[in-house]
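Quick notes on the structure that follows.
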Amino acid sequence: MKTFLRLTTILLLFYNSLHAFQSTTYVFEGPDGNWTDESLWKDGLYPGEFILTGDTVTIKNNVVIP
């Protein structure tokens, strides 16, 4: 059981560290409007409901956050 817990902890730490090196930049380029419209985001990258540590979101216009 201890081995399983150690292995699980190591894998979780490894998984979390991967994201630290993979940050994403999201850019809203649409006209003034609803920022949840996925078609208005540059390159189709929509941040969704959660933004992870290291990610950047840039909103260039006025938006409505529902």
By Cβ neighbour count within 10 Å, fewest first, GLU29, GLU49 rank GLU49, GLU29
Listing SER23, SER39 by rising number of other beta-carbon atoms within 10 angstrom, fewest first, gives SER39, SER23
Ranked list, fewest to most other Cβ atoms within 10 Å of each Cβ, for ASP32, ASP55
ASP32, ASP55
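No lab work stands behind these numbers, since they all come straight from the coordinates. Predicted, not measured: the structure shown is a model, and the values here were computed from it. A quick note on method: Cβ atoms are made from the backbone with ideal geometry, for glycine too, and the neighbour counts reach across all protein chains shown.
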